[in-house]
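I have placed the structure first, in the form of structure tokens, so that the comments after it can refer back to it.
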Amino acid sequence: MKLSYSVENLRRLSSIPMIEIRPLTILLGRNSAGKSTFLRSLPLLRQSIETKSSAPILWYGDFVDFGNYRSAVADNDTTKKITFSFEMDEFSQSVRTAAYLTINGAPQTQTKNVNYGRVKALYSVRAGDEGTDRHEIAVKINDIGSELRITFGDEGPFASEIALNGREIKGVFDSRELYFSQSNIFSTPSVFSRNKDKLLVPETRTEFFRKLVEKELGNLDQRIGKRRILSESSRILQKRMIDQTTIHELAKTDTQTFHHYYLGLLQKWRQNTRQRLDDLCKINHALNVLEALSSSLATMFRSVEYIGPARARSERFYRQQELEVAEISPDGRNLPMFLASLDRHRLNEFSNWVERIFGYGVSVHKTEGHISINLDHGGKSINVLDTGYGVSQVLPVLTQIWWMQHPRRPGNRGSSGNKTLLIEQPELHLHPAHQALLADVFVEALSSKAGFPISFIVETHSESLVNKIGELISKKALSKDKVQIVIFGEDDTDSDSQVSIATFSEDGVLQNWPFGFFNY
């Protein structure tokens, strides 16, 4: 499954094309070109779905700080909408469905893998009276050529307008409310009705759409029992649309009344009924796709990890805390506590891994409530503070790369989801030769036997890193199809950022590369 992503009207990124997220995606560009904004928009989504809030986007949190809507939106223009867009090829998900297929009316629950094909979704927010409000959600489904667009107004989390292929749908939700939680950008759709006291009452979408289909079947022979109507309504809703092919499929039934009814939908005089059933099937399917896609995106972003550009400076000693650390913080400040929480076996594994690549091991020393981090080489153990500054900057990066692929890490065991690590300037204060070694680290991680897909999005200024990636491709250590370079436009604060894609040939030669990019 291939994922592409784009963001619109976030700082300098007024409009950029969909960018495929490959196993190794390198972001390049001069200062203020928009590459950091693009990368940080991903941990922005993580903190938005993990932290309870009253808005779909949490601009300031544990990972990144965009300020507020006004400081985040392009040109500080609060009339603009900020949009996060996603496209997935061959999107599929294992879903649990309730199917009313038995004549006696007993519902059957079944789990099956559903392939939705290529789908695209966008989630748009706008400036509200007191913060950030949801503006629009849209989902486009290629295999049936449908787009469902849901707009939100002053009704808050309730949809104010629903359009199918640009045509506003009226009558479907007249007696119901389509609801999306304001506190989660990837909220899934719910249906509510109002009781006699005007209070909201939840209703399952399956039941809601089934009743609407039953209403369309209401003029059939009265001798048709309710249970049969219920069963046929469910058969209809299992279709993604009502075209000639699905009509002939539905007509294969053992009831002559329904057989003639379905074939009648092909006649011009039944065109309006066919259109209404087609709308119901397409809206129902689009909402199912949106729910599956939103759930998948939320799961993916919970697995996103982020290392920022300014890691905390090393200290000679740290106060010891009895903490178990699951991941390195964006500034690397909790690195000492993380290393101290590893058992001896895992710490040795990590030290050997670093030494194999960079030539020095890592050890932790505990004395009188304090801990220190040392580098070990040639029989000597030196406090990290007495080494080059670049070591303190790269250690959090190396630690997180090693830990994210560790099969015994909490959350990794038995995982099948993708783990994505976002890194800003991993080469900070490193010698060019050591910058090149980072390419080996990434490639080794991509070929690890972690048991789940791993990907990296790396923002860098390192020519050595880029050249080493090309060298590894030429040596067949890395497939050219697993890496791409996203180049953000020139440093011109008066214009929008432009984006182009560079790739490597089989021989590791850069293609579509801007002339003189690394020159002053």
**Fill in**
Quick calc, D89 & K211: beta-carbon distance into FRET formula, R0 30 Å, rounding 0.05, result 0.30
**Request:** For the chain, with all protein chains present and a 1.4 Å probe, just round the carbon and sulfur fraction of the accessible area to a whole percent.
**Result:** 46 percent
**Request:** Just subtract the alpha-carbon distance of D481 and H431 from 0.36 nm times their residue separation and send over the number in nm, one decimal.
**Result:** 15.2 nm
**Prompt:** For the stretch 424-479, with every protein chain kept in place, what is the accessible area per residue (1.4 Å probe, Å²)?
**Reply:** 39 Å²
**Request:** Specify the angular offset, from 0 to 90 degrees and rounded to the nearest 10, of the alpha carbon long axis of helix 205-216 from the longest principal axis of the alpha carbons in the chain.
**Result:** 20 degrees
**Message:** With a cut-off of 8 Å between alpha carbons and a minimum separation of six or more residues, what is the relative contact order of the chain in percent?
**Reply:** 16 percent
**If the convex hull is drawn through the Cα atoms of the chain, its volume per residue in Å³** = 197 Å³
**Message:** Please report the projected area of the stretch 150-277's Cα convex hull averaged over all directions, in nm².
**Reply:** 9.8 nm²
**Prompt:** Measuring with a 1.4 Å probe in the full set of protein chains, what accessible area per residue, in whole Å², belongs to the stretch 225-353?
**Reply:** 49 Å²
**Prompt:** Based on the Cβ-Cβ distance from R30 to L199, what FRET efficiency comes out when R0 is 60 Å, to the nearest 0.05?
**Reply:** 0.60
**Asked** Between rounded, prolate and oblate, where does the stretch 330-447 land on the alpha carbon gyration tensor, with a ≥ b ≥ c its root eigenvalues, rounded for a/c under 1.5, else prolate if a/b exceeds b/c?
**Response** oblate
**Prompt:** Helix 271-302: angle to the longest alpha-carbon principal axis of the chain, degrees 0 to 90, nearest 10?
**Reply:** 20 degrees
**Message:** Are there any GluC sites (Glu not before Pro) in the stretch 138-197 that are in a DSSP loop and have at most 13 other Cβ atoms within 10 Å? List them by number.
**Reply:** E155
**Prompt:** Out of the stretch 268-363, which GluC sites (Glu not before Pro) are coil in DSSP terms and have no more than 11 other C-beta atoms within 10 Å?
**Reply:** E322, E324
**Prompt:** What accessible area per residue, rounded to a whole number of Å², is obtained for the stretch 102-200 using a probe radius of 1.4 Å?
**Reply:** 51 Å²
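Suppose only helical runs count, i.e. DSSP H with n ≥ 4. What mean residue ellipticity at 222 nm does that imply for the chain under -39500 (n - 2.57) per run, divided by all residues and rounded to the nearest 500 deg cm²/dmol?
Values: 12 runs with 157 residues, N = 520.
Per the formula, -9500 deg cm²/dmol.
The values are calculated or read from the model by the stated rules, or taken from the named source; none is laboratory data. This structure is a prediction, so every number in the text was calculated from the model and none was measured. Cβ sites come from the backbone with ideal geometry, for glycine too, and all protein chains shown count toward neighbours. Surface areas here come from the heavy atoms of the whole protein model, side chains and all, with no ligands, DNA or RNA. Shrake-Rupley method; radii C 1.70, N 1.55, O 1.52, S 1.80 Å.
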